[in-house]
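The values are calculated or read from the model by the stated rules, or taken from the named source; none is laboratory data. Note that the structure is predicted; figures quoted are calculated from it, not measured. Cβ coordinates were reconstructed from backbone atoms using ideal geometry, including for glycine residues, and neighbour counts include every protein chain displayed. Heavy atoms of the whole protein, side chains included, go into the accessibility calculation; ligands, DNA and RNA do not. Shrake-Rupley method; radii C 1.70, N 1.55, O 1.52, S 1.80 Å.
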Amino acid sequence: MPEDRKGLILVYTGPGKGKTTAALGTAFRAVGQGLRVVMIQFIKGSWHYGELDAAEALGKDRLEVLPMGRGFVKIGAEKPEPEDVRKVQEAWALSCEKISSGNYDLVILDEINYAISYKMLDPEPVAEALRRKPDSVHVILTGRNAHPSLIELADLVTEMREVKHPYQKGILAQRGIDY
Ligand code: ATP
Ligand code: MG
C-alpha cells in the first residue's frame, strides 16, 4: 500500500536541556508505530546512558543506538583533537549509509550540530546529504548552535531555552534524567 509519507528534517537545538531526550521521545513514538529507528551518537558522553539499555530491551530491529564518539571531547580547547575529528568523520560516513540504506524510517544524528559548530564536520556535505535523502526518511539533528544552513533546510526547528536547570543550584546530573 503506498504510504502518503513525507520524510521530515527536524532540528532540536538551543542551550536548554531536552534536545537528545526530545529525539528519544520521538524515537519511542516512532517505534510504537512500527517505524525502524537508528540513533547515531556523534559525541558520546562519559556516562553509560539509559537509552542504550532501553534500546537493547526494545530490540535492535526496532531501535538501534550507536555510540560513535571517544567518550568525551575536550570542550573549550582551541582546536578539536585529530582523534575526535576522525571519530566524527566515521560517524558521518555511517550516518550517510544509514540514511540511504532503506533500512530505517527515522535516523537521529545526535549532537551533530555540536560537531559542526566545533568544526569537526563541514555543514555543506551534511546539507547536501539531507537534500538528497530518500523522500520517506525522517532525520533528526540535535545539539546546540545548529548551523544556519541546516536550520534553513529543516521542516521543523525547536530551540530549547533554559529557564531553570538544577545545575544552577549545584545539583549534579541524575541517573535516568540526565543519563
Ligand atoms: P538531554 O540529553 O538531557 O536531553 P540535551 O541533549 O538537551 O540534554 P546536551 O547539550 O546534549 O543537552 O547536554 C547533555 C548533558 O548536559 C545532559 O546531561 C543535560 O542534562 C546536561 N545539560 C543540558 N542542558 C544543560 C544546561 N543548560 N545546564 C547544565 N547542564 C545541562
Ligand atoms: Mg544532547
Query - Selected residue (criterion: surrounded by the fewest Cβ atoms within 10 Å (Cβ to Cβ)) from residues of segment 122-145 that are farther than 28 Å from Q33 by Cα and within 16 Å of ligand 1 (Cβ to nearest atom) - result: N145
Query - Residues that are more than 19 Å from L24 (Cβ to Cβ), within 16 Å of ligand 1 (Cβ to nearest atom) and in contact with a strand residue (DSSP E or B) (Cβ under 7 Å, 6 or more places away or on another chain), drawn from segment 146-159 - result: none
Query raised in the report: Which of the residues spanning segment 54-86 are open to solvent by less than 40 Å² (accessible area, probe 1.4 Å), at pLDDT 95 or above and of a type in the set (D, E, K, R)?
Result: E64
Report summary line: Scanning segment 1-60 residue by residue, those under 17 Å from L156 (Cβ atoms), of a type in the set (V, I, T) and within 16 Å of ligand 2 (Cβ to nearest atom) turn out to be V11, T13, T20, T21, T26
Query - Long-range neighbours under 7 Å by Cβ, at least six apart or interchain, first residue on the phi > 0 side of the Ramachandran plot within segment 12-25, second near ligand 2 (Cβ under 9 Å from one of its atoms) - result: G14/R144
Query - Verdict on L150 being of a type in the set (A, V, I, L, M, F, W, C), touching a Phe, Trp or Tyr at 6+ places or on another chain (Cβ under 8 Å) and surrounded by 15 or more Cβ atoms within 10 Å (Cβ to Cβ) - result: no
